[in-house]
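Trainee: A single structure is presented below for examination.
The values are calculated or read from the model by the stated rules, or taken from the named source; none is laboratory data. From a predicted model like this one, the values you see are computed outputs, not experimental measurements. Counting neighbours? That spans all protein chains shown, and the Cβs are built from the backbone with ideal geometry, glycine included. Heavy atoms of the whole protein, side chains included, go into the accessibility calculation; ligands, DNA and RNA do not. Shrake-Rupley method; radii C 1.70, N 1.55, O 1.52, S 1.80 Å.
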Amino acid sequence: MGDVILVRHGATDWSEAGRHTSYTDRPLSAHGEEQAAALAGILAEHPIAFALSSPLLRARTTAKLAGLDDPQIVPDLHEWDYGGYEGITTAEIHRTRPGWNLWTDGVVPGPEGHPGETPEQIGARADRALALVDEKLRAADGGDVALVAHAHFLRVLTARYLGLPPAAGSLFMLATGTISRLGTEHGNHAVAAWNERPRG
């Protein structure tokens, strides 16, 4: 069976500024577009049978620039809903909540339709996404499945792939414009590569 290739989208103006970005549909910055295009060489080295993408523009644009044409849009690959912390930096949150940590303290409710999500809610979405990935891998005849999505979501998905609780996603740092690979070793799920950037 093939591997799961995780692609974190390229940078946006908000990610470069450290602002929490979930449902705000920011486009890639010029630097983010360069990052996305540079991923094409790495992805071309993998036998990708299926590509799945978050519905958000920054993920869909990354997929296109990275050479993953016409990916299946999967709503469950959407980024963590940060609720009332949307667009706010961690430093700004610490002014009123010193020591705040997303993974343990959660978020405050945001505008209508965006109450925020807990790690457990993200974990449930990740489990559904992994069930779809498993289905695709079984149909891929040894090929890989690529997921183009977002940092916090992909970190939770990795934790769930490894059988860890959703909040264990805090252990996996993930930069913009990077590729990671989840595979198996002796029948056990394992991280085969992490947070790789194109060389050169």
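Yes or no, residue by residue, for (1) farther than 29 Å from residue 144 by Cβ; (2) of a type in the set (Phe, Trp, Tyr):
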position	(1), (2)
31	no, no
56	no, no
82	yes, yes
94	yes, no
97	yes, no
107	yes, no
111	yes, no
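Trainee: Sticking with this one: Inspect all residues belonging to the range 63-85 and state whether any of them is of a type in the set (Phe, Trp, Tyr), at pLDDT 95 or above, in a loop (DSSP other than H, G, I, E, B) and within 27 Å of residue 130 (Cα to Cα).
Mentor: Quick first cut of the range 63-85, residues of a type in the set (Phe, Trp, Tyr) only: 80, 82, 85.
Next cut, at pLDDT 95 or above only: 80, 82, 85.
Now drop any that are not in a loop (DSSP other than H, G, I, E, B), which leaves 80, 82.
From the residues that got through so far, the ones that are within 27 Å of residue 130 (Cα to Cα) too are 80, 82.
Checking the range 63-85: at least one residue is of a type in the set (Phe, Trp, Tyr), at pLDDT 95 or above, in a loop (DSSP other than H, G, I, E, B) and within 27 Å of residue 130 (Cα to Cα).
Trainee: Could you grab me the full set of residues in the range 101-134 that are farther than 16 Å from residue 77 by Cα and part of a helix (DSSP H, G or I)?
Mentor: Within the range 101-134, 102, 103, 104, 105 meet the criteria.
Trainee: While we're looking at this one, here's another question. Looking at (1) under 16 Å from the mean Cα position of the chain (by Cα); (2) of a type in the set (Gly, Ala, Ser); (3) farther than 22 Å from residue 167 by Cα, which one does residue 140 not meet, given that it meets all the others?
Mentor: For residue 140, the exception is condition (1).
Trainee: Residue check: is residue 125 within 20 Å of residue 170 (Cα to Cα), charged (D, E, K, R) and open to solvent by 40 Å² or more (accessible area, probe 1.4 Å)?
Mentor: For residue 125, the condition - within 20 Å of residue 170 (Cα to Cα), charged (D, E, K, R) and open to solvent by 40 Å² or more (accessible area, probe 1.4 Å) - is not met.
Trainee: List the residue pairs whose Cβ atoms are under 9 Å apart, where the first residue sits in the range 32-49 and is part of a loop (DSSP other than H, G, I, E, B), the second is open to solvent by 20 Å² or more (accessible area, probe 1.4 Å) and of a type in the set (Asp, Glu), and the two are 6 or more positions apart or on different chains.
Mentor: Note: pairs meeting the criteria are 46/3.
Yes/no matrix, rows are residues, columns are (1) under 20 Å from the mean Cα position of the chain (by Cα); (2) closer than 22 Å to residue 140 by Cα:
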{"site": "50", "(1), (2)": "yes, yes"}
{"site": "53", "(1), (2)": "yes, yes"}
{"site": "86", "(1), (2)": "yes, no"}
{"site": "112", "(1), (2)": "no, no"}
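Trainee: Moving on to the next point. Do you know which residues across the range 159-194 are without any contact (Cβ under 8 Å) to a residue 60 or more places away in the chain and under 30 Å from residue 30 (Cα atoms)?
Mentor: Within the range 159-194, 171, 172, 173, 193, 194 qualify.
Trainee: Filter the range 21-35 for residues that are polar (S, T, N, Q) and farther than 20 Å from residue 81 by Cβ and give the result.
Mentor: Across the range 21-35, the qualifying residues are 29, 35.
Trainee: Give the residue that is nearest to the chain's Cα centre (by Cα), with candidates limited to residues of the range 9-30 that are in a helix (DSSP H, G or I) and closer than 23 Å to residue 92 by Cβ.
Mentor: Once the filter is applied, the top-ranked residue is 15.
Trainee: Please verify whether the range 4-13 includes one or more residues that are open to solvent by 30 Å² or more (accessible area, probe 1.4 Å), of a type outside the set (A, V, I, L, M) and touching a residue at least 12 places away in the same chain (Cβ under 8 Å). It would help to see each step written out before you state the result.
Mentor: Narrowing the range 4-13 to residues open to solvent by 30 Å² or more (accessible area, probe 1.4 Å): 8, 13.
Among the residues that remain, those that are also of a type outside the set (A, V, I, L, M) are: 8, 13.
In the following step, the residues that additionally are touching a residue at least 12 places away in the same chain (Cβ under 8 Å) were identified as 8, 13.
The answer is yes; a qualifying residue exists.
Trainee: Counting residues that are open to solvent by 10 Å² or more (accessible area, probe 1.4 Å) and within 23 Å of residue 104 (Cβ to Cβ), which strands (runs of 3 or more DSSP E) fully inside the range 137-199 reach at least 1?
Mentor: In the range 137-199, 188-196 are the strands (runs of 3 or more DSSP E) which contain 1 or more residues that are open to solvent by 10 Å² or more (accessible area, probe 1.4 Å) and within 23 Å of residue 104 (Cβ to Cβ).
Trainee: Report every pair of residues separated by at least 6 positions or lying on different chains whose Cβ atoms are under 8 Å apart, first residue within the range 92-108 and at pLDDT 95 or above, second part of a helix (DSSP H, G or I) and open to solvent by 60 Å² or more (accessible area, probe 1.4 Å).
Mentor: Pairs that qualify, where the first residue is at pLDDT 95 or above and the partner is part of a helix (DSSP H, G or I) and open to solvent by 60 Å² or more (accessible area, probe 1.4 Å), are 97/105; 100/94.
Trainee: Taking the conditions exactly as written (within 16 Å of the chain's Cα centre (by Cα), surrounded by fewer than 21 Cβ atoms within 10 Å (Cβ to Cβ) and not hydroxyl-bearing (Ser, Thr, Tyr)), does residue 119 satisfy them or not?
Mentor: no
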